[in-house]
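One structure is given below, encoded as structure tokens.
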């Protein structure tokens, strides 16, 4: 019986020593906070459970300290009791901070950065530590007087840690990086999932979480992907492909761009629309790029693959093959025959184009063939100026593909559009036949293809058949009268008289320009 009384006495003494009067209220409060956190913030369940476990451990340490003191080890018991109190306060601060910053403030539509929670909790830890030091009988005035030395020592020994803390604060305050942003730091590309006092956590597409020190983000250059003012998050991607020089760039660009803009591809933005550009000339092919805007930055490779599939299908439909590097040229008889066939076909196409031009109506097949061999293929991109008003150029153009617009330019006034030329039209004939300056400016309204015919191609034919000069002069005068709207209301006799006079003048100018004898 005396032994049981002794045990009961020790139990009561241990309880009186171990617990402070507010421990039950604190435990109840932390329990309520923990239940609310687990209910409304299940993502933090592990942290809450770990904090509660630590709180339970602190209570156990205090309880054990009471028995240790009762059996005579007062020094160890006091130390364990103080450690339990400190740990109790730390866990209470930790759980309170989590509740305030992760549940309470978001409920009132405030989203403080995580690093602010870390700093506030850290300051509370320091304050609790100083409180316990004060109750332990330590004179804090001595610490204050030596704070400058301590601060210097801490700053020197913790410069990397302080750099990370200050870097994290700077990133949060100026919104350089936010949780949810996609960033690229050196060889790491991923999504920012957390910004803490020491580091920024980045999740990559390979299911890796890369820890980047905040000081590194402040010292080096990094890219925030997809962010452009108030526009939706989308990132421009480049898909490269190569096409032979034999295919006109305008055809390649139009084929690919039209196909991609008309396709409904998942994760490809409709605005801005996909665009195709010719980026470079390689040794044996043109290097093209299809640029599109990715709306889901997580699915870059898969979307690139789908876009490549659309490009390949569009090129196949248009009969355009992807190019590959060519370094060696093998000449065989078969290739010579193939080249000859291509040359014959090319000359036939040019001869057919010449037959549609009224200027050459009086030419024989052999003369047309001779001129066709001298034609120069001249492509123009949309917006190119083909001829300038007032320029002197001894050649004409035959439009075979696309459209061109004719403008009249007057000093101090904007251009005035006169007409639109379609395939089969020609212009610049006065410069070719008489050397006269251009009377108008011609601009490519679309990507256009022309044949250029120079004076030298005409000279031999006109010298062999000088009578062609008369036919050509009549054609030119008739064409001029047909284009001159002021001549439409003139009576037939006057019109015939004017045409006759202009015909003689035109014929004289052609003969002089080509050095033909009069009356030949």
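Every number in this text was worked out from the coordinates using simple rules, so none of it is lab data. What you see is a predicted model; the values in this text were computed from it and never measured. Please note: Cβ atoms are built from the backbone with ideal geometry, for glycine as well, and neighbour counts cover all protein chains shown.
Points to keep in mind about this one:
- Sequence-separation-based contact order of segment 348-514, relative, with Cα cut under 8 Å and 6+ spacing, percent: 26
- Taking packing as the residue-averaged number of other Cβ atoms within 10 angstrom, the listed peptides 381-390, 307-316 run from highest to lowest as 307-316, 381-390.
- Fully extending the segment from residue 236 to residue 271, taken as 0.36 nm per residue of separation minus the present Cα-Cα distance, adds 11.5 nm.
- Protection proxy ranking of 336-349, 76-89, 459-472, by the mean of other Cβ atoms within 10 Å over each peptide's residues and highest first, is 76-89, 459-472, 336-349.
- Across segment 286-307, the residues whose backbone nitrogen lies under 18 Å from the label position 7 Å along the beta-carbon direction of residue 263 are 288-296, 299-307.
- Average Cα contact separation per residue, segment 179-225, under 8 Å, 6 or more apart, as relative contact order %: 36
- Neighbour counts of other Cβ atoms within 10 Å put 407, 427 in the fewest-to-most order 407, 427.
- Space enclosed by the convex hull of the alpha-carbon atoms of segment 179-225, per residue, Å³: 63
- Computed label-point distance, nm, for sites residue 284 and residue 378 using a 7 Å Cα→Cβ extension: 3.3
- Inter-label distance for residue 206 and residue 36, nm, one decimal - labels placed 7 Å from Cα along Cα-to-Cβ: 4.3
- By the beta-carbon count within 10 Å of each Cβ, the least crowded to most crowded order of 285, 125, 135, fewest first, is 135, 125, 285.
- In nm, spacing of pseudo-spin labels at residue 193 and residue 246 (7 Å Cα→C-beta vector): 5.3
- Percentage relative contact order, segment 169-327, counting C-alpha pairs under 8 Å, at least six apart: 20
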